[in-house]
1. Relative to the longest principal axis of the chain, what angle (0 to 90°, nearest 10) does the C-alpha long axis of helix 76-92 take?
2. What are the ³J(HN,Hα) values, in whole Hz, obtained from phi via the Karplus relation 6.51 cos²θ - 1.76 cosθ + 1.60 with θ = phi - 60°, for each residue of the stretch 283-288 in sequence order, with x given for Gly and Pro?
3. Which aspartates and glutamates, on any chain, are close to K22 with Cα under 13 Å apart, when same-chain ones fewer than 8 places away are left out?
4. Over the stretch 90-174, calculate the relative contact order: mean separation of alpha carbon pairs under 8 Å at least 6 apart, over the residue count, as a percent.
5. Once both axes come from the Cα atoms, what is the angle between helix 134-150 and the longest principal axis of the chain, in degrees from 0 to 90, rounded to 10?
6. Using alpha-carbon pairs under 8 Å, 6+ residues apart, how would you state the relative contact order of the stretch 26-370 in percent?
7. Please list, or write none, the lysines whose alpha carbon is within less than 29 Å of the alpha carbon of K115, excluding same-chain residues fewer than 8 places away.
8. Suppose R0 equals 22 Å. What FRET efficiency, 1/(1 + (r/R0)^6) with r the Cβ-Cβ distance, do R190 and H350 give to the nearest 0.05?
Amino acid sequence: MAPALTGDLPTAPHNLGGPISKDIFPDGLKTTGQHPPLYDELVPFDQFPRQITGPTVWKAEDYRENPEKWTHTFNEEQVAELSAAADAFLASKTPLTGISKSNFQLPKLADYLHKLRADLIDGKGFILFKGFPVQKWGNHKSAVAYMGLGTYLGYFVSQNSRGHVLGHVKDLGEDSTQIDKVRIYRTNARQYFHADDSDIVGLLCIAKALEGGESDLVSSHNVYNTLAAERPDVLKTLISPIWYFDRKGETSTGQEEYIRTSVIYLERSAAETGIEPRVYTKWDPYYVRSLSRFSDAGIIPPLSAEQLEALKVLEETCVRLSLHMVLDIGDIQFLSNAHILHARTAYTDHAPPKPRRHLMRLWLATPEEEGGWRLPFWDSNEKKRGGIQVDDQAPVAPLDAE
């Protein structure tokens, strides 16, 4: 059966069976995971704005020849502060899954990171850091400093059923054609434009590919405006709650294997804030195309001609409007998943013994009460909203892919 149109809200994870054990979740917080939207909070196409304005609407030509607008190189003082904080954390013997702003002190960088967080959430939505000394520090200290940096931007959430809060984008030789089972980040295949299951995603480059594996990103608000002008029919299809997203078996007990949802949402209204509801995009074509095992069995509808056209036009529009970015060793990219879509070109690794392409990944959550968007989901004000959580799987932070 397809998911119902309405239903009771799930209980927040920290209210399930009493307080969360800090032996399992060291910071006392648990990733809320994937779930359907609040269907009665979804609004029809005619209530969406005709055009989006503001700093979230940017064009590639605004930045392509001006990297100083989106690049920050860590200076010696900032590297020293990150190094000292990482050394102090390592000396404390605290599990990496227990890292937080309180035990990773950055008194000088904190103000800059606070402003950056605001720009990620409500501004252009992306930054590229350079000068992070991964080769000097090695993977363990680099992971500590990277996760510590991330705690100033959001709360880390689990990225898969194994509880990885420190993820690893690396080709593990899995079959990228088996899209109903395999997560594409574990292959060398092209990733089409998509958003991850978190408010902010971070990528730290540990090793580069021989060729390919380069990054593209686009303002989904610029894409929205372009579709509103050129293909309003496609925009209406993307706004309609007729889409099914696969969960690829990463489900807790009793959960559906898929979610019925929209691609483009409007924030829940909040007249008391005086802020116009913003347009939020949640998309990954691999998770839509992988559901043929259910549509072939008549359990969910197959993709319609209108949906297939929307798939095609959305990707083509993203490609046309995108900004290309290359991550070198020691570079860190942070970007918003609310109003940025990102992609990756296919790649080829170096032959052994040279290392394979390797990016450390963070998924970070930004709850409403701390400036996050008012999303039409039951967990919008949970600190660790979103992500992927299977039952009581504890968070883990492996130092390499597994």
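1. Computed tilt is about 90 degrees.
2. Running phi through 6.51 cos²θ - 1.76 cosθ + 1.60 with θ = phi - 60° gives 8, 7, x, 4, 7, 8 Hz.
3. D392
4. On the way: 36 pairs, mean separation 30.2, N = 85.
Relative contact order comes out at 35 percent.
5. 50
6. On the way: 603 pairs, mean separation 106.1, N = 345.
So the answer I get is 31 percent.
7. Leaving aside lysines fewer than 8 places away in the same chain, those within reach of K115 are K30, K59, K69, K101, K124, K130, K136, K141, K282, K383, K384.
8. Working: r = 19 Å, r/R0 = 0.86.
Taking R0 as 22 Å, the efficiency between R190 and H350 is 0.70.
Read-outs: derived from the displayed coordinates by stated rules, not from any lab. Since the model is a prediction, treat every value here as computed from it, not as a measurement. With ideal geometry, Cβ positions are generated from the backbone for all residues, glycine too; neighbour counts draw on all protein chains shown.
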